[in-house]
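The values are calculated or read from the model by the stated rules, or taken from the named source; none is laboratory data. These numbers were taken from a predicted model, which means no experiment stands behind them. Ideal geometry is used to build each Cβ from the backbone, glycine not excepted, and the neighbour counts take in all protein chains shown.
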Amino acid sequence: MMRAWILPAVLALCGAAMVAGPGGRGEFGVAVPLLLLFLGLAGLHSPLTFPRSLSAAEARRRSAADGRPIVYWRAGCMYCLRLRIRLWRGARGAHWVDIWRDPAGAAAVRAVNDGNETVPTVVVAGRPHVNPDPAWVRAQLRSR
């Protein structure tokens, strides 16, 4: 779980370090927007941006019952972030599994990606799709 917060923490600390100079000189017109930029980036890369993660077993069980896709992701992944942003509110229609929090989820991703933890991996009707087009995933969510 701590691994998911490393990148956001580094971004927040870098932002604080970057504003120390202009902030110390009283240049708040530069310091405040710079700090907000880094804090925004930290927020985007944090697990808070994504819907609540399920375990892989729970996601498979729910997907079998309701037919909704399973999205395997991890914090700090730009492609996962791109998918999440492009799905917007529709992202709540999928079952999300953070592979850094769930070893079974990481194993499921490695099983379909030749041993690599390539995310996002979206499983629809039991078929895995690696880094699919967000428009395609959105269409899959609408059809369920």
Any idea which residue in the range 92-119 is surrounded by the most Cβ atoms within 10 Å (Cβ to Cβ), counting only those that are in contact with a helix residue (DSSP H, G or I) (Cβ under 8 Å, 6 or more places away or on another chain), assigned to a loop (DSSP other than H, G, I, E, B) and of a type outside the set (Val, Ile, Thr)?
ALA94
If you go through the range 4-23 one residue at a time, do you hit one that is closer than 30 Å to ARG142 by Cβ, surrounded by fewer than 17 Cβ atoms within 10 Å (Cβ to Cβ) and not assigned by TED's automatic domain parsing to the domain that holds HIS129?
no
Just checking, which of SER55, SER63 is buried (at least 19 other Cβ atoms within 10 Å of the Cβ), more than 26 Å from VAL10 (Cβ to Cβ) and of a type outside the set (A, V, I, L, M)?
SER63
Right, LEU87: part of a helix (DSSP H, G or I) and closer than 30 Å to MET18 by Cα or not?
no
State whether one or more residues within the range 45-57 are over 20 Å from GLY90 (Cα atoms) and at pLDDT below 90.
no
Here is a list of conditions, (1) more than 19 Å from PRO132 (Cα to Cα); (2) buried (at least 17 other Cβ atoms within 10 Å of the Cβ); (3) of a type in the set (A, V, I, L, M, F, W, C), and PHE28 meets all of them except one; can you say which number that is?
(2)
Inter-residue pairs, beta-carbon under 7 Å, first not assigned by TED's automatic domain parsing to the domain that holds ALA91 and among the hydrophobic types (A, V, I, L, M, F, W, C) and in the range 42-59, second loosely packed, with under 15 Cβ neighbours inside 10 Å and not in a helix (DSSP H, G or I), 6+ apart
none
